[in-house]
Amino acid sequence: TYGGDTEWYIAAAEGKFHELIQPYSARFLHPFLVGFLAKLFSLTIEQSFLVIGVFSVFLFLILNSVILKKTINLKPVLLFPLFFSPYFLLIIREVFEPDAFYIFLTSLFFLFLLYEKEIVLLLTFFLLFLTRETTSLLGVILALVNWFKQKKRFAIVIFIVMVISMYLGGVLNSIGKPNIHNLNSSVYLIAKVSFNFLTNVLGVKPWANT
């Protein structure tokens, strides 16, 4: 048996969405792909998680090579040592978490942003939201930046995609059981985004991460 968050992601990959608690029931995309891959190639769930995790990290580094070469003309070979950095080794070890898949989608998002591919950028943003609900913070920043750059129409479209994503996330959350705090999904999301910002940006941990 597995402890912590792992059991929820495995249950989701096995299609047991009614057994999940919020917010894991809304983190649909990654475990769905794991389950689909496992059935398609007759893999175990554990093997499928590992395959997607390793490929996600590999694609993340490839995409970032393209981004860095485009922005600062950095030679891709200089990124090779990142394959052995503790952070990426930790991500590969924690294969049941969606982190590796999420950073791959995030790098894809910034690649489309760099090349101003707005339609696929919005699609990637939508997929990011189906992977982690805290993507809403990225959406708010993107909308504000485009609004102040006088791209108001695109900022409004971003906001609409956010609303659709949050609505779908709410629908998926309703399939599962309430979170351990018995909080409304919207309240939980606001608290989660606030916690991540305070912890990761300001280095302040206001409460235990549960």
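The values are calculated or read from the model by the stated rules, or taken from the named source; none is laboratory data. Keep in mind that what you see is a predicted model, and the values were worked out from it rather than measured. Virtual Cβ from ideal backbone geometry, glycine too; neighbours counted across all protein chains shown. Heavy atoms of the whole protein, side chains included, go into the accessibility calculation; ligands, DNA and RNA do not. Shrake-Rupley method; radii C 1.70, N 1.55, O 1.52, S 1.80 Å.
Within the set PHE32, PHE17, PHE49, the sole residue that is closer than 21 Å to LEU127 by Cβ, of a type in the set (Phe, Trp, Tyr) and more than 17 Å from the chain's Cα centre (by Cα) turns out to be PHE17.
Only a single criterion out of (1) more than 17 Å from ASP99 (Cβ to Cβ); (2) surrounded by 15 or more Cβ atoms within 10 Å (Cβ to Cβ) is not satisfied by PHE32, namely (1). Within the stretch 157-184, being at pLDDT 90 or above and open to solvent by 90 Å² or more (accessible area, probe 1.4 Å) holds for PHE159, ILE164. Modelled with pLDDT of 85 or more and exposed (fewer than 13 other Cβ atoms within 10 Å of the Cβ), is that true of SER42? Criteria met by SER42. Filtering the stretch 98-146 to residues that are charged (D, E, K, R), assigned to a helix (DSSP H, G or I) and within 18 Å of ILE67 (Cα to Cα) leaves only GLU118.
Pairs linking a residue in the stretch 62-73 that is on the phi < 0 side of the Ramachandran plot to a residue that is open to solvent by less than 80 Å² (accessible area, probe 1.4 Å) and not in a helix (DSSP H, G or I), with Cβ atoms under 9 Å and 6 or more positions apart or on different chains, are SER65/LEU74; LEU68/LEU74.
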